[in-house]
1. Give all pairs with beta carbons closer than 8 Å in which a residue from segment 179-193 that is more than 12 Å from residue 232 (Cα to Cα) meets a residue that is at pLDDT 95 or above and assigned to a loop (DSSP other than H, G, I, E, B); count only pairs at least 6 apart in sequence or on separate chains.
2. For segment 110-127, which positions are in contact with a strand residue (DSSP E or B) (Cβ under 6 Å, 6 or more places away or on another chain) and touching a residue at least 24 places away in the same chain (Cβ under 8 Å)?
3. Given the options 162, 139, 158, name the one that is on the phi < 0 side of the Ramachandran plot, surrounded by fewer than 17 Cβ atoms within 10 Å (Cβ to Cβ) and in contact with a strand residue (DSSP E or B) (Cβ under 9 Å, 6 or more places away or on another chain).
4. Are any residues in segment 221-247 modelled with pLDDT under 80 and either in contact with a strand residue (DSSP E or B) (Cβ under 6 Å, 6 or more places away or on another chain) or under 30 Å from residue 161 (Cβ atoms) (or both), and if so, which ones?
């Protein structure tokens, strides 16, 4: 069993510099259409001068833009703007929320039918969270709206000892993961996520206004600190007309560069709903 975590004392108030530069390039150069699809972005050196940052930071920002489908990078040829994708490519090895995933492409994911309760964990829940039965947990359930359509049902379990429940509730704005990631002192590093295709149970189907048994993508995810302690258990049922999962497979002999695309790609569908 894990021991209680230290109480958080600080909160990150601004995004990382790499993310700031990535967002600036996306907004100022790509989404503004200053550089149109097929055109090359300024060189790394020019971007360094424009934003006053190091080449390492610019290179990481460009790599992130490639992973999200905005640009392609070719050695010796620089970065080329891609046509605006109908779907957003997202590496499954990147720990981010649905809200962040949608925001990367200018879309929005919001919540409705929010239910937040504090209660003891039953035996099954406690075992999953590696806690003792009866341990108090904050359980947050809600419908996720994607382009104002009921697209997913999510449940998060945050056990006692991770952070004060009142603080979590006050900072919650749709994503438990975003709150946890904002607290550097929690040392949230990775998650283990199981993905399955399921038929929606009646209760969840009713919440999403679809028929019982409709196919859904089911995610069962444990978020952990750098030492392996579980800080959140998240369950999600995603309707496949709004989200889909794809995997890029490579030959075992493929050579990977430092700007290669991720092996695993999650694609929130951005077609008209």
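The values are calculated or read from the model by the stated rules, or taken from the named source; none is laboratory data. Only a predicted model underlies this, so the values are computations on that prediction, with no experimental measurement involved. Cβ: placed from backbone, ideal geometry, glycine included. Neighbour counts: every protein chain shown.
1. 183/163
2. Hits for segment 110-127 are 110, 111, 112, 113, 114, 115, 116, 118, 121.
3. 139
4. 242, 243, 244, 245, 246, 247
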